[in-house]
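Here the structure is laid out as structure tokens; the discussion comes afterwards.
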Amino acid sequence: MRARYGVPLGITAVATAGLLYSAGFEVRSFRLRRVTVPVLPPGMRPLRVLQVSDIHMVGGQRKKQRWLRSLAGLRPDFVINTGDNLSDPEGVPETLDALGPLMEFPGAYVFGSNDYYGPKPRNPARYLLEKTSGRHGLNGNKPVAGAIHNPWEELRDGFDAAGWLNLTNTRGTLKVEGVSVELTGLDDPHIKRDRYAKVAGGPSGTADLSLGVVHAPYLRVLDAFTADGYPLILAGHTHGGQLCVPFYGALVTNCDIDTDRVKGLSSHTAEGRTSYLHVSAGCGTNRYTPVRFACPPEATLLTLVGRE
């Protein structure tokens, strides 16, 4: 009896323990990633940028809300929100409350698909199938029938009232203690709302720093930003793979970027130019898959320093 059932029972026990860990501990084990990026003119003072992404707020997530509020203690020069703030149509007030202390700082934002539409239960195996087929979101797939519409307008109005720049297929400029930061943003490529033609042309050349901002790091967007000469691109969306294999990494990215660049700082090259790329693993999950494994939730404090 033991010889026949010992191995299956052992596998079941390990799987159960992993599920309890990923759903009960790691998904709430919030971390701060610190990254240094040499993109400023030589001799310029460093700038500290806090990137928050993929909050996926659901009502009652008190620990996440307290952690987000605590990030204001970092005193960043400015904040970039790379979208997917919601995973609950009723989550706007709690999202704005959690981000309230951060909205005291200069900032800007783009939206992701989950800001516009509520999630539905989904077989996780579909992410592997989409990786194999090369179809992600609305890029090659049919539109979702009966999509739940989130009150994104209320979220937009709250951010705008705090003075954050809306970078939906447009440009904006932040003034940070005499430093001019030019930002070019796109709507979410995952649901084909990006319109790069509206912002094409690259940095103006009049700002001290220019950044590209987008929710999902699709290659067509990274190619466009890089070819136009943006030194740094900020994105989210991937959740860092969310369910990763220890000592191996992510299995999927939920877009067409490779798994080697699923989170953290890397680079992207297009048309003979190279940009830094930072992809946030985000601090939340879809409400129907509230688990993380070998990929803790995070925000990132990027310290921008002078180029050598």
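Kindly establish whether ARG307 is within 22 Å of GLU94 (Cα to Cα) and among the charged types (D, E, K, R). In short, no.
Without any contact (Cβ under 8 Å) to a residue 40 or more places away in the chain and open to solvent by 20 Å² or more (accessible area, probe 1.4 Å): does that describe GLY73? So GLY73 fits the description; yes. Take the residues in the stretch 165-203 that are among the charged types (D, E, K, R) and outside any strand (DSSP E or B); name whichever of them is surrounded by the fewest Cβ atoms within 10 Å (Cβ to Cβ). Checked the stretch 165-203; the qualifying residue surrounded by the fewest Cβ atoms within 10 Å (Cβ to Cβ) is GLU177. Among the residues making up the stretch 33-51, those that are open to solvent by less than 40 Å² (accessible area, probe 1.4 Å) and in contact with a Phe, Trp or Tyr (Cβ under 9 Å, 6 or more places away or on another chain) are VAL37, VAL39, LEU47, VAL49, LEU50. Tell me, which residue of the stretch 247-258 that is without any contact (Cβ under 8 Å) to a residue 12 or more places away in the chain and more than 17 Å from GLY137 (Cα to Cα) is most open to solvent (accessible area, probe 1.4 Å)? The qualifying residue most open to solvent (accessible area, probe 1.4 Å) is PHE247.
I'd like the residue in the stretch 199-223 that is free of Cβ contacts under 8 Å to residues at least 40 places away in the same chain and of a type in the set (A, V, I, L, M, F, W, C) and, out of all such residues, is farthest from PHE78 (Cα to Cα). Talk me through it step by step, then tell me what you get.
Within the stretch 199-223, the first condition is being free of Cβ contacts under 8 Å to residues at least 40 places away in the same chain, and the residues that meet it are 199-207, 210, 219-221.
Going one step further and asking which of them are of a type in the set (A, V, I, L, M, F, W, C), we end up with 199-200, 207, 219, 221.
Values: VAL199: 22, ALA200: 24, ALA207: 16, LEU219: 26, VAL221: 23 Å.
Taking the candidates together, the pick is LEU219.
Applying the condition of being open to solvent by 30 Å² or more (accessible area, probe 1.4 Å) and in contact with a Cys (Cβ under 9 Å, 6 or more places away or on another chain) to the stretch 204-246 and asking which residue is farthest from SER113 (Cα to Cα) yields LEU243. Selection of the stretch 91-123 for residues being modelled with pLDDT of 95 or more, over 12 Å from SER53 (Cβ atoms) and among the charged types (D, E, K, R) yields GLU94, ASP97, GLU104.
Among the listed residues GLY158, GLY146, identify the single one that is farther than 22 Å from PRO217 by Cβ, among the small types (Gly, Ala, Ser) and part of a loop (DSSP other than H, G, I, E, B). Reasoning before the result, please.
Values: GLY158 fails: part of a loop (DSSP other than H, G, I, E, B).
GLY146 is the lone residue from the list that is farther than 22 Å from PRO217 by Cβ, among the small types (Gly, Ala, Ser) and part of a loop (DSSP other than H, G, I, E, B).
Those helices (runs of 4 or more DSSP H) of the stretch 84-139 in which at least 3 residues are open to solvent by 20 Å² or more (accessible area, probe 1.4 Å), considering only elements entirely within it, cover 92-99, 125-133. Consider ARG273 carefully, then state whether it is of a type in the set (D, E, K, R), in contact with a helix residue (DSSP H, G or I) (Cβ under 8 Å, 6 or more places away or on another chain) and open to solvent by less than 10 Å² (accessible area, probe 1.4 Å). So ARG273 does not fit the description; no. Checking each residue in the stretch 48-74 for being over 15 Å from ALA281 (Cβ atoms) and of a type in the set (S, T, N, Q) picks out GLN61, GLN65, SER70. Pairing each residue of the stretch 123-151 that is of a type in the set (Ser, Thr, Tyr) with any residue that is modelled with pLDDT under 90 and open to solvent by less than 90 Å² (accessible area, probe 1.4 Å), provided the two are 6+ apart or on different chains, yields no C-beta distance under 9 Å.
The values are calculated or read from the model by the stated rules, or taken from the named source; none is laboratory data. Note that the structure is predicted; figures quoted are calculated from it, not measured. All Cβ positions, even for glycine, are placed from backbone atoms using ideal geometry, and neighbour counts span all protein chains on display. The area values use the complete protein model at the heavy-atom level, side chains included, leaving out ligands, DNA and RNA. Shrake-Rupley method; radii C 1.70, N 1.55, O 1.52, S 1.80 Å.
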